[in-house]
Amino acid sequence: MASGDDDDPIIQEIDVYLARSLVEKLYLFQYPVRPASMSYENVTHLAARIKPKQQKVELEVAMDTMSPNYCGSKGEQIALNVDGTSSEDSNVYSTKMMDKQTFSSIQATTNTSRYAAAVFHKGELHLTPLQGILQMRPSFTYLDKADTKHREREAANEAGDSSQDEAEDDVKQITVRFSRPESEQARQRRIQSYEFLQKKQAEEPWVHLHYHGVKDGRSEHERQYLYCQAMDTAENTELVKTPREYLSMLMPPLAEEKVAKPMGPSNVLSMAQLRTLPLGEQVKTLMKNVKVMPFANLMGLLASGTDSTAVLRCIQQVALLVQGNWVVKSDVLYPKNICSSQSGVPAEVLCRGRDFVMWRFTSERTLMRKEVTAIIKLPPEDVKDFLEQMSVPRLNRGWEFLLPTDYDFVRKHPDVAQRQHMLWLGIQSKYDMTSQNLTLNPYFLYSMKHKRTFDHLKKVCRRYSTVYRFPPQSNAATDEQKVFGLWESGETFDKHRQVLFEIFMKNYRVRRNVIQSRLTQELGDAVTKTDVDRLLKECCMSLGGMWYLKGTVPS
């Protein structure tokens, strides 16, 4: 290019043409395991096939069995291992000897936009873009077939031995599991799995080809397509550029390849990336990865100058206070519609079991794994996973909570500690954790030992139940059985609940058709059977064909 330097004169100018006849059909084959001086040009090619979408090619090449470097006995042994002693048309080696070799391709690069095949002819340079660059390497799939034959023979021998044994097989217990609807996250993991990719690759059929040698007449004819067929037309205007544009075309800037981030817990953010997120997401991400953390450590991981009050608001949304330390909530680790990767237990059951472990740690430093397993009745591997998240094993002492009690935080933030204590009371009552079997308590009984503000009461109602009962606090009011329900939570279902409460203000028991008729009368025909079922499940219980408000029927 014109640089203005007289010491670097232009020696020759060459016209460059872009040939398009073989676009999307031209491949470059490389043989990295064989020196260039020993090409396969003079070797007999028996078969060729291609999968165009995958750019996968296989070539079958004959082997010189008469060569002094060929071991005949080994070739016969390999053929015997692969095909056995039978003579069938499907045999890999029809001559009872390994007389051919298969080469399979892998892509040397996925981006071939910068590569082309060039032909220099009569002072002209003709370029044809490459569709793919493939490296041909020996394939050893025949060894897999030999292993399959060996396993089939062993299975046949074992079947013969077992048929002579008259003793009945022992009865074995089996576990039947039913598949749940696949979540979007699970679907993405399956699509990215090796098994799925192998299946998709196997679905594309092979296209069989005819191989023509370098000196074959068909090859000579096809080679002419490497030259531009229309040199005087507008096809070549793409190369009529300024020197700078031409250089940019020859060496375009490298574009950063977008690499898909792995899904799940392995996708760890750097601290720089973490601090670009909103404060709530920062706290949630840290707690999901660390599981258990003192508040002081959390503040140290966040950017300097972060408001501790704002952090306290965020941490209470994703974690619970255990011995003055924050432990990530179960529903953050196990969201809905997922199952345990170890046992297949649904998320709801996992959350219930993990909440029990956390609740026990609020009052005890150590737990025995066997005792926990007997109560929550979950597989041992899931129980171990719960314990490993928040405790460490101690010899002859069970599992000890991971961190020492943070009395300093409790002393500095008594309001937060009190709120968390009330929250644990709600969780305890929800699951009836004081019993020997962890079950869902339908009444959600609360021991009113501490005064609750209306705002906190509203939060508890919204989080755990719509209706719950308060036992009488003194013997002077034994006949007074008050039932409290959430009148308004901000959702559209509030209207249904309010109509139901108005019905029960006049009658302590009603039939389902009365409730459904009143809902239709007040809210119109938009009320569905599903809405009625949900309303009754949340707020009522059935007894003797009648429906009662929860908490109004003595246990």
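The values are calculated or read from the model by the stated rules, or taken from the named source; none is laboratory data. Keep in mind that this is a model prediction, so the values were computed, not measured. All Cβ positions, glycine included, derive from the backbone under ideal geometry; neighbour counts span all protein chains shown.
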Inset, instruction - Output yes when any residue across segment 391-402 is closer than 20 Å to Met299 by Cβ and surrounded by fewer than 18 Cβ atoms within 10 Å (Cβ to Cβ), and no when none is. - result: no
Legend entry - Positions within segment 97-109 being surrounded by fewer than 16 Cβ atoms within 10 Å (Cβ to Cβ) and out of contact with any Gly (no Cβ under 9 Å at 6 or more places or on another chain), in sequence order: Ile106
Inset, instruction - Working only within segment 278-296, note down all residues that are surrounded by 15 or more Cβ atoms within 10 Å (Cβ to Cβ) and assigned to a helix (DSSP H, G or I). - result: Leu279, Gly280, Gln282, Val283, Lys284, Thr285, Leu286, Met287, Lys288, Val290, Phe295
Legend entry - Gly123 vs. criteria modelled with pLDDT of 85 or more and exposed (fewer than 12 other Cβ atoms within 10 Å of the Cβ): yes
Inset, instruction - Out of the residues in segment 495-527 that are among the acidic types (Asp, Glu) and part of a helix (DSSP H, G or I), state the one that is nearest to Leu549 (Cα to Cα). - result: Glu502
Inset, instruction - Scan segment 80-135 residue by residue and report those that are in a strand (DSSP E or B) and among the β-branched types (Val, Ile, Thr). - result: Thr102, Ile106, Val119, Thr128, Ile133
Legend entry - Residues of segment 234-252 satisfying the condition of being part of a loop (DSSP other than H, G, I, E, B) and either modelled with pLDDT under 70 or surrounded by 12 or more Cβ atoms within 10 Å (Cβ to Cβ) (or both): Lys241
Inset, instruction - Would you check if there is a residue in segment 189-200 being within 23 Å of Leu333 (Cβ to Cβ), at pLDDT 70 or above and assigned to a helix (DSSP H, G or I)? - result: yes
Inset, instruction - Identify the single condition in (1) free of Cβ contacts under 8 Å to residues at least 24 places away in the same chain; (2) assigned to a helix (DSSP H, G or I) that Ser341 does not satisfy, given that it satisfies every other one. - result: (2)
Legend entry - The one condition in (1) closer than 30 Å to Arg189 by Cβ; (2) among the polar types (S, T, N, Q); (3) modelled with pLDDT of 75 or more that Ser270 fails to fulfil: (3)
